[in-house]
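One structure below.
The values are calculated or read from the model by the stated rules, or taken from the named source; none is laboratory data. Just so it is clear, the model here is predicted, and its values are computed rather than measured. Here the Cβ is made from the backbone with ideal geometry for all residues, glycine too, and neighbour counts use every protein chain on show. All accessible areas refer to the heavy atoms of the entire protein, side chains included, with ligands and DNA or RNA removed. Shrake-Rupley method; radii C 1.70, N 1.55, O 1.52, S 1.80 Å.
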Amino acid sequence: MSAYQLTESIFSVGALNPSLRIFDVVMRTEFGTTYNSYILRGEKTALIETCHASYFDRYVENILEVTRLEDIDYIVLNHCEPDHSGALKRLLDLCPNAIVCVSQAGSIYLKQIANRADLPILVAKDGQEIDLGGKTLKWIAAPFLHWPDSMFSWCPEEKALFTCDFFGAHYCEPYVLDVNMERPDFYDRALKEYFDAIFGPFLPYVRAGLAKIAPLDPVMALTSHGPVLTKAGKLDFVKEQYVKWSESQERANPLVPVFYCSAYGNTGVIACAIGEGIRSVLPNADVPVIDINDHDSAETGAMLNQSKAFCIGSPTINADAVPPIWILLSHVDAINNKKKPVFVFGSYGWSGEAVPNLTARCAGLKMAPFGEGLRIQFVPTEEDLKSARDAGAAFAAALG
Ligand code: FEO
C-alpha cells in the first residue's frame, strides 16, 4: 500500500498484512490485518502510531511519499503494543528531530520495548494539547482500551480522532476508507471478533471511552487496524455496536454452571448430584450441568466468564485432568474472574490428581476454589452422591 491522502492535512502511511491468520498467538484473523499509521501535518509534522517491525522498509517508503523523515517533529504512540511500536527503534535512527509522545505508563513500557535509555519522550497528559501550527493534537486518556497506557489523540480542526485499537478490526482490504470496502459483511464479523477478544475483558472502560468521545462527535475515526471510519461509512454503526456490546449484562437469575468431562460416566453422575445440591439452596439460579465434549469450548468459555460461580469436574487420567477441561480453563478471562468461586470435583481410579491440579490452576488464575474440592474413587455410591449433593449445597450457601 502506498500513502493515501485522507484530508488536506492527514495521510495514511501504514502497512497491510492480508495473510496474517493468528494475531498475538491467541486471536484468529481470518481477514488479515493492517498496521495503520498516520501523518498529521500543520506547520509541524506528527506521525501517529508506527508499525510492526516486520514491515519497516515498506512503511518508511510510505512515509517518504509524504514527508522527509527529518521533518517529523513528533511520533505519537497511543499505546505501546509492539504491533504499533515495533518500528520505533529503527525509525528514530532516521528521524533525528522527532520527540516520542506517550502516556505516563507508556513512557515506562517504551523504554523496555525500544531498549533505548536516550528516548526523546514527551509524557502526554490527559487533556494536554500541542500546537502543530494550524493543527492541534489533544490527548485523552483511555486507560485499558486496551492497555493501561492507552490514549486517544484528537485533532479538533479536522474533527479527527486517532483511536488506537478502539473501533479497530483485524480486517484487510487494499483500501483505506470504509466507504470503499468490498465485503462489509466480512468486516462486521471481524469487528465483533476483535471487540470480543480485545475489549471483552474491559467493558466498563469501553463505556468510559465512549462517554469521552461522545461530546467530540468526530467525523473520522483513524483506527490502528482496519479501515478508517467515516460518517458516510461505518463510524456511527461501529459506535452503536460498541454501545450495545459494552452494555452491562446483569442476569435476573445467577448463573452457576457445572462443567464436566467423564470417561465412564462417574464424574457425570457426580456433576448432576452437585447441580441438585446447588438448586436446593438457590432455586432461582440457572444451574446447567454441561458435558463440555458436547459443546464448543468458546461457547462454554463464554458461559464460564458470565457466571456468578461455577463447578468444574474431571476424571484423572495419567495423573492429571483431561485436556478438554484445560482447554475450557484457557478461556478464562483472568481479569474479570478474580475471586470467582469455583468448586472442583471428579471421579478417579488410582491417585486422583485431577482435583488438586485443577484447584491449583484456578487459584493461579486468582479465582477462589471452594475448599479442597470433592474426589470420589471409581463408581459413586448412594452415600457418595449424598456427599456430592451436600457439597453442592454448601458451595451454593457460601455464594450468599
Ligand atoms: Fe493493535 Fe493493542 O495493538
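Here is how the numbers come out for the structure above:
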{"quantity": "Positions within the stretch 137-194 being crowded, with 22+ Cβ neighbours inside 10 Å, of a type in the set (D, E, K, R) and within 16 Å of the ligand (Cβ to nearest atom), in sequence order", "calculated": "Asp149, Asp165"}
{"quantity": "Residue list for the stretch 317-333, filter: open to solvent by 40 Å² or more (accessible area, probe 1.4 Å) and assigned to a loop (DSSP other than H, G, I, E, B)", "calculated": "Asn318, Ala319, Ser330, His331"}
{"quantity": "Failed item in (1) out of contact with any helix residue (DSSP H, G or I) (no Cβ under 9 Å at 6 or more places or on another chain); (2) more than 16 Å from the ligand (Cβ to nearest atom); (3) in contact (Cβ under 8 Å) with a residue 12 or more places away in the chain; (4) not charged (D, E, K, R), with Pro218 passing the rest", "calculated": "(1)"}
{"quantity": "Index of the failed condition, Leu374 passing every other in (1) open to solvent by less than 50 Å² (accessible area, probe 1.4 Å); (2) over 19 Å from Ser262 (Cβ atoms)", "calculated": "(2)"}
{"quantity": "Pair list, Cβ under 8 Å, 6 or more apart: the stretch 70-84 residue in contact (Cβ under 8 Å) with a residue 40 or more places away in the chain and under 12 Å from Cys101 (Cβ atoms), other residue among the basic types (Lys, Arg) and more than 8 Å from the ligand (Cβ to nearest atom)", "calculated": "Asp73/Lys44; Tyr74/Lys44"}
{"quantity": "Restricting the stretch 49-74 to residues that are within 16 Å of Pro120 (Cα to Cα) and away from the ligand (no atom under 16 Å from the Cβ), the residue that is least open to solvent (accessible area, probe 1.4 Å)", "calculated": "Ile72"}
{"quantity": "Of all residues in the stretch 335-354 being in contact (Cβ under 8 Å) with a residue 40 or more places away in the chain and in contact with a Leu (Cβ under 9 Å, 6 or more places away or on another chain), the one that is most open to solvent (accessible area, probe 1.4 Å)", "calculated": "Asn336"}
{"quantity": "Residue within the stretch 175-182 that is over 14 Å from Asn78 (Cα atoms), free of Cβ contacts under 8 Å to residues at least 12 places away in the same chain and in a loop (DSSP other than H, G, I, E, B) present", "calculated": "yes"}
{"quantity": "Matching residues, the stretch 27-37, being more than 14 Å from the ligand (Cβ to nearest atom) and buried (at least 18 other Cβ atoms within 10 Å of the Cβ)", "calculated": "Phe31"}
{"quantity": "Positions within the stretch 127-160 being small (Gly, Ala, Ser) and under 25 Å from Asp71 (Cβ atoms), in sequence order", "calculated": "Gly133, Gly134, Ser153, Ala160"}
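Residue by residue, here is whether (1) more than 16 Å from the ligand (Cβ to nearest atom); (2) open to solvent by 30 Å² or more (accessible area, probe 1.4 Å); (3) closer than 30 Å to Lys192 by Cβ; (4) over 25 Å from the mean Cα position of the chain (by Cα) holds:
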position	(1), (2), (3), (4)
Ile10	yes, no, yes, yes
Val76	no, no, yes, no
Pro82	no, yes, yes, no
Ala87	no, no, yes, no
Val102	no, no, yes, no
